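See structure below.
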Amino acid sequence: MFFNYFKTALRSLMRHKLFSSINILGLAMGLAAFILIILFVRNEFSWDSHWDRAEDIYRLENTYVRVGQPDRPTPNAVEPLKQVFFDTFQEVEAIARYIDGGVTLRHDGELFSQQVHFAEPGYLDFFGVDVLKGGFDAASVKLSDLAISERTAEKYFGDAPVLGQKLTLRIGGEFRDFYVSAIIADPEVHSVVQHDFVVPFNREYFAGARWFSEDWRFAYWQTYARFAPGTDMALIRAELPAIVDRFLPKNQQGQENGRNWSMTLGLVNIGDVHLYGNGTNAKPDVLYGFTGVAFLILLIAVVNFLNLSMARTAHRAREVAVRKVLGASRRQVVQQFLGESILLAFGALLLALTMVEIALPYYNEFLSSIIEMNLLGEPAMLGALVLLGVGVGVSAGSFQATYFAMLKPHDVLYSNTASDNGTSKLRQGLVVAQFSISVALMIIAFFVHKQTEFARQLDLGFTADNLIVLSGTNNERSNEIKQRLLESPFIEAVGRSSDVPTEGSEDRLHIRPVTGGDPVMLDGLPTGPDFFKVYEIPLLAGRYLTDAGADVLRDRVEDAEYASAANIVVNEMGAKLLGFETPDAAIGQQVSADLSSSLRVDATIVGVVEDFHFDSARDVIRPGIYYIDFIRNSDMSVRIDGNNRDAAIAAIEQAWHATYPDSILRYRTMDEMVERQYQTDDQLSNILAAFTLLAVLISCMGLYGLASFTAERRTKEIGIRKVLGARLADIVGLMLWQFSKPILIANLIAWPVAFYFLNDWLNGFAYRVELGVLPFLVMGAGALLIGWLTVAGHALAVARSNPINALKHD
Amino acid sequence: MLKLHNLSKVYRTDEVETVALNSVNVEIASGEFVAIMGPSGCGKSTLLNIIGMLDSPSSGDYIFMEENVAGYNEAKLSNIRKQNIGFIFQSFNLIDELTVEENIELALLYHNIPASERRERVAHVMDKVGIAHRAKHMPSQLSGGQQQRVAVARAVVGDQAMILADEPTGNLDSAHGQEVMEMLQQLNEEGTTIVMVTHSPAHADYARRTINLFDGHVVTENLRAAE
Ligand SMILES: Nc1ncnc2c1ncn2[C@@H]1O[C@H](COP(=O)(O)OP(=O)(O)O)[C@@H](O)[C@H]1O
Ligand SMILES: [Mg+2]
């Protein structure tokens, strides 16, 4: 019996080859897109789930808060909190801490840059990292021991023996020898704890560092706590504010204690750190958006499948009627069609999996990700896919099956025409649904692209090309390397600042406007004198700052103090906010600026510069104030000759080695930093465009199939019309109109949905494109045109056919 | 074999109510060959459908082999039908995707008959209707007469006691029509009850009795003298 079903099904498929291939291919493409998106999203959501008892491990994060200033979130926790946690919560089983840092490594006379975890004892046990060779026991480990991952060992030693080998690290300005005592497993790619290079923590290494304080001022410990199973985290979290109240020291002298600022504590499950932890640049919202798109595409594909299957029912009504007359029961008919539909869906699923396999490398490149699909290793995923196949098959098949089960054989067997089985309304509805989604996606993709381009074209107010940013120069040799750099003919200018554009500044200064009233807030940026020259920010009035005494707020000397008065520069917005009508009016004027609540400076405005972007392009330009603070110049920006880029980089390398022979050069380029800001939106835009294209394609495949079906069904009607005198144009018009209606209705549904969504999304941008009506109309017309092109072939073929043939058709 | 008592069929659509059959009383004995005649629209097909249990009466009784099946549900009817009744249609109604052989075999698939026996029986009826040399052909490769012969073979392969034929010769030229009629006659002689709707008086002559319908009523029943 099943063989018989199979045979009829297969032959019916073969007979309508085009139809069947569209049906299967459309579903396969939809499934493939769905799988690809879900793989990506799942991948993002599944970080760090591999740890033992991951559900009990939480990262402790500190966020500094200061009234009138933006919060400063850190991924770290301060030194005292470990003991406080042990004392306060009996539920805490263990805490692992490490300081994450980049150091210069020397091996065989060569210098490398190495990311290192300075870890407290017990780190490997806490995370359950496998020790493959050697030992790193908390009890016996020496300060000169190292645990490195397999891949790190291979990087430095290749195939040679590794245990006991020496690696030299430059820590605190001093080279120190370490010996590999253990080789540990490589970290998972999708993990926030990259345990490649574990060094036993030693207080001595950091003793001189300003940030290495044992109080609450600096958070530098990556701190992971493991709670007892079943701990109610809501109760623990409720306690956190009280901890800050009790333990954060207050009312002591000095500006940097808990008097003007406070802190909030956060506990983030290790599995959520990648997406929700402080300092992440992942965007969970975008992931939810993608998931939505995935389901929409799946919906389109399933609707397609349903629609085409239904169209095919008419062809097969006679077969079913005959089977029923010959004694097939309702159950047998249902079985036959459900089985057939599930089989088709599985065929499509297999095809989809093949497509995914083929597409994955390109997809990974596109997303700069490393997604794999390993179905055999993942029974859950395999099960889900099988379920998806069955689900799609059942949902598409059940309609057909019930329709046929209810079919009255004599209706079919006695009629001469293939009956329109009453599904045409439903089919039209499904086409409307498909095109609603497609048109909405088209409009959304268009505006997302437009916004991304718009943001890219936004005038940043400075020139980002040919700028190299060095770090690690904020020390006594700062001037020395600056001089060396400027000696090269390929280097045009060198400037220093505490932060560079795209990063935003951390300082907020409160200043009373000259017109009186409440103090206003300006973003402060500690710079060196050449900052504006390097970034090519035009001057509107007055002059730039110099390194002359009156311009310097704080010099780089031992125990440096802030000057009580200094010359400063503001941007145009800043000048306006301070109450000056024109830039010129601000020159020479004095304001008193609160650097913090206990530090007031008499600031004389000597220059006004044009506004420029310092934060992300998503944000507005803000009023800014710029002053010279040589202590806080951690970034050195170098403008190079763009025509001799390689020579300029070589010159930088050279200057670096001459100045800092013991460490290796690390630099970023400003255009890459600017580019990175657009990256997520760009990625979103590209993915959206690609999948929208796919959605439209699948919808069109459905429409094409339907058109071929309708053309076949209507040949007789159209034959009669022609005999009665209809012209070619009348017939083509008739056919096109039939398919225009659902697309037009789809537009009416898609427009408000797309508008609502886009308006919401665009509101997240300070500088956004407007939602014009025209693109909506154009996309709608585009969809209509695509629809027409899709069905035009069939319409023409039918219209051209000889009516005699059509009428003999039965 | 069967007996219709005061049987009526009313079709209700939104606006109109069509009385297709109006208090029809008919009795058909086992082994009879009955022709149903009458103008188009008088209810012939409706009558045949009800006899064939493809449709249910609106009122009245239908006694089939001592059982009143008038109120039976679809599943029950389907079960009785597949044991006892074979169908032949004007438009053949063969499945395009199946070969001649497979089309005939289809009638046995719903009967739980082992494959070897199925093959035997199919071969046997194909011989009987003279279509064996076309066993592997698709319906579209056959002439109308050949297709109808396949349909006849399909109707009898399950050893059905009764064959219902609705204008079986309506789509055939006279030579092929004749052929089919002779086949039916032979089946009747072998004991099969045959009820046939036809417009052709010549073909009606093959039957021993003719029921004339007009506007849903049985107007006359002519019994042809046994020859
Ligand atoms: N499914 C139906 N719905 C409504 N009316 C029907 C239906 N089938 C048949 N009729 C009507 O019942 C009457 C008898 O039809 P039918 O039995 O097909 O006649 P015949 O076969 O003698 O030409 C006709 O008037 C026809 O229009
Ligand atoms: Mg009729």
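Mind checking Rg over Rh on the range A:281-397, alpha carbons, Kirkwood formula for Rh?
Values: Rg = 18.7 Å, Rh = 16.9 Å.
Ratio value, two decimals: 1.11.
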- Item | Mean projection area, nm², convex hull over Cα of the range A:523-563 | 3.8
- For A:VAL609, other-chain or 5+-apart residues with amide H closer than 5 Å (H placed, Pro excluded) are A:LEU540, A:VAL570, A:ASN571, A:GLU572
- Task: Measure off, as a whole percent, the carbon and sulfur share of the 1.4 Å-probe accessible area of the range A:22-166, all protein chains present.
- Result: 48
- Note on the structure: Karplus ³J(HN,Hα) for the range B:150-167 (6.51 cos²θ - 1.76 cosθ + 1.60, θ = phi - 60°; Hz, whole; x = Gly/Pro) runs 4, 4, 5, 4, 5, 5, 10, 4, x, 6, 5, 6, 9, 10, 10, 10, 9, 6
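Below 8 Å, C-alpha to C-alpha, sequence gap of six or more: please give me the relative contact order for chain B in percent. Please list the in-between numbers first.
Working: 422 pairs, mean separation 65.4, N = 227.
Relative contact order, chain B: 29 percent.
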- Message: Modelling each spin label as a point 7 Å along the Cα-to-Cβ direction, I'd like the B:ASP61/A:PHE366 distance in nm, to one decimal.
- Response: 7.3
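Partner chain Cβ atoms within 10 Å, averaged over the residues of A:337-349 - can you pull that number for me? Intermediate results must be reported in sequence, preceding the final value.
On the way: counts 0, 0, 0, 0, 0, 0, 0, 0, 0, 0, 0, 0, 0.
Partner-chain Cβ atoms within 10 Å, mean over residues of A:337-349: 0.
By accessible area of protein heavy atoms, probe 1.4 Å, what ranking do A:TYR403, B:TYR11 get, highest first? Intermediate values should be presented prior to the final figure.
Values: A:TYR403 50, B:TYR11 80 Å².
So the residues, ranked largest to smallest area, are B:TYR11, A:TYR403.
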- Summed buried accessible surface, chains A and B, 1.4 Å probe, nearest 100 Å²: 2500
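First select every other residue whose beta carbon is under 9 angstrom from the beta carbon of B:ARG121; then total the charges, Lys and Arg +1, Asp and Glu -1. Don't skip to the end; give the middle numbers.
Numbers: positive: B:ARG118, B:ARG119; negative: B:GLU105, B:GLU117, B:GLU120, B:ASP159.
My count for the surroundings of B:ARG121 gives -2.
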- Normalise the Debye intensity by I(0) for the range A:54-270, one equal point scatterer per Cα, no solvent, then take log10 at q = 0.08, 0.12, 0.13, 0.14 Å⁻¹ and round to two decimals. -0.33, -0.70, -0.81, -0.92
- Task: Please report the base-10 log of the normalised intensity I(q)/I(0) for the range B:102-227, using a Debye sum with one equal scatterer per alpha carbon and no solvent, at each q in 0.10 (1/Å).
- Result: -0.36
- Task: Give the Kirkwood hydrodynamic radius (Å, one decimal) of the range A:454-563, defined as one over the mean of 1/r across all pairs of different Cα atoms.
- Result: 16.5
- Item | 25 Å Cα-Cα reach of A:LYS576 towards lysines, excluding residues that sit fewer than 8 places from it in its own chain | A:LYS533
- Can you work out the accessible area per residue across the range A:54-270, with the rest of the protein chains kept in place, probe 1.4 Å, in square angstrom? 47
- Going by accessible area, probe 1.4 Å, with all protein chains left in place, what is the ranking of A:TYR767, A:TYR5, largest first? A:TYR767, A:TYR5
- Helix A:424-457 vs. chain A, principal-axis angle (Cα, 0 to 90°, nearest 10): 20
- Between A:SER49 and A:ASP137, how many nm apart are label points set 7 Å from Cα along the C-beta direction? 3.6
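Jot down the per residue volume, in cubic angstrom and as a whole number, of the convex hull over the alpha-carbon atoms of the range A:1-109. Could the numbers behind the result be given before it?
Details: hull volume 43.1 nm³, N = 109.
Once divided by residue count, the hull of the range A:1-109 is 396 Å³.
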- Message: Using only Cα atoms and rounding to the nearest 10 degrees, what angle (0 to 90) does helix A:2-15 make with the longest principal axis of chain A?
- Response: 80
- Query: So what are the ³J(HN,Hα) numbers for the range A:326-343, from phi and the Karplus equation (6.51, -1.76, 1.60; θ = phi - 60°), rounded to whole Hz, Gly and Pro as x?
  - Reply: 7, x, 5, 7, 4, 4, 5, 5, 4, 4, 4, 7, 4, x, 4, 5, 5, 4
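Mind scanning B:LYS3/B:LYS82; A:LYS450/A:LYS741; A:LYS142/A:LYS166; B:LYS76/B:LYS128; A:LYS17/A:LYS408 and naming the pairs with a C-alpha gap bigger than 22 Å?
Details: B:LYS3/B:LYS82 19 Å; A:LYS450/A:LYS741 29 Å; A:LYS142/A:LYS166 14 Å; B:LYS76/B:LYS128 31 Å; A:LYS17/A:LYS408 28 Å.
Flagged as over cut-off: A:LYS450/A:LYS741; B:LYS76/B:LYS128; A:LYS17/A:LYS408.
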- Can you figure out the FRET efficiency of A:VAL394 with B:HIS111, using R₀ = 30 Å and their beta-carbon distance, to the nearest 0.05? 0.55
- Query: In whole Hz, what ³J(HN,Hα) sequence does the range B:47-53 give by Karplus (6.51, -1.76, 1.60; θ = phi - 60°), x for Gly and Pro?
  - Reply: 4, 5, 4, 6, 4, x, 6
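For peptide A:279-292, what's the mean number of Cβ atoms from other chains within 10 Å of each residue's Cβ?
Values: counts 0, 0, 0, 0, 0, 0, 0, 0, 0, 0, 0, 0, 0, 0.
Taking all residues of A:279-292 together, the mean is 0.
How large is the translational diffusion coefficient of the protein assembly as shown in µm² per second when you combine the Kirkwood radius over alpha carbon pairs with Stokes-Einstein at 4 °C and 1.567 mPa s? Numbers along the way, then the final one.
Details: Rh = 36.6 Å.
Answer from the Stokes-Einstein relation: 35 µm²/s.
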- Query: Cα centroid distance between the range B:1-56 and the range A:183-229, in Å?
  - Reply: 91
- Starting from 0 in steps of 5 Å, tell me what percent of the Cα-Cα pairs of the range A:105-178 lands in each bin. 3, 13, 26, 26, 19, 11, 2
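Hey, what's the per residue convex hull volume over the C-alpha atoms of the range A:491-640, in cubic angstrom?
Values: hull volume 16.3 nm³, N = 150.
Dividing the Cα hull volume of the range A:491-640 by its residue count gives 109 Å³.
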- Query: Over what distance in Å are the Cα centres of the range A:29-52 and the range A:546-616 separated?
  - Reply: 50
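Considering only DSSP beta bridges where both residues belong to the protein assembly as shown, give the percentage that are antiparallel (nearest 5).
Details: 101 of 140 bridges.
The answer is about 70 percent antiparallel.
Let me check something: with ligands and nucleic acids excluded, how do A:ARG176, A:ARG668 order by accessible area (1.4 Å probe), largest to smallest?
On the way: A:ARG176 40, A:ARG668 75 Å².
Descending accessible area places them as A:ARG668, A:ARG176.
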- Partner chain Cβ atoms within 10 Å, averaged over the residues of B:106-117 - can you pull that number for me? 3
- Query: Cα convex hull of the range A:555-607: mean projected area in nm², to one decimal?
  - Reply: 4.1
- Query: What is the calculated FRET efficiency for B:LEU223 to A:LEU426, with r their C-beta to C-beta distance and R₀ = 56 Å, to the nearest 0.05?
  - Reply: 0.60
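State, to one decimal in nm², a quarter of the convex hull surface area for the C-alpha atoms of the range A:586-677, i.e. the direction-averaged projected area.
Averaged projected area of the range A:586-677's Cα convex hull equals 9.5 nm².
Divide the volume of the convex hull of the Cα atoms of the range B:2-223 by its number of residues and quote the answer in cubic angstrom per residue. Display every interim value, and only then the final one.
Details: hull volume 29.1 nm³, N = 222.
In the range B:2-223, the Cα convex hull volume per residue is 131 Å³.
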- Take the Cα gyration tensor of the range B:59-164, multiply each eigenvalue by 5, square-root it, and list the three semi-axes largest first, rounded to whole angstrom. 28, 15, 11
- Task: Using only Cα atoms, tell me the angle between helix A:284-325 and the longest principal axis of chain A; keep it within 0 to 90° and round to the nearest 10.
- Result: 10
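The values are calculated or read from the model by the stated rules, or taken from the named source; none is laboratory data. These figures come from a predicted structure and were not determined experimentally. With ideal geometry, Cβ positions are generated from the backbone for all residues, glycine too; neighbour counts draw on all protein chains shown. What goes into the accessible areas is simple: the full protein's heavy atoms, side chains included, and nothing from ligands, DNA or RNA. Shrake-Rupley method; radii C 1.70, N 1.55, O 1.52, S 1.80 Å.
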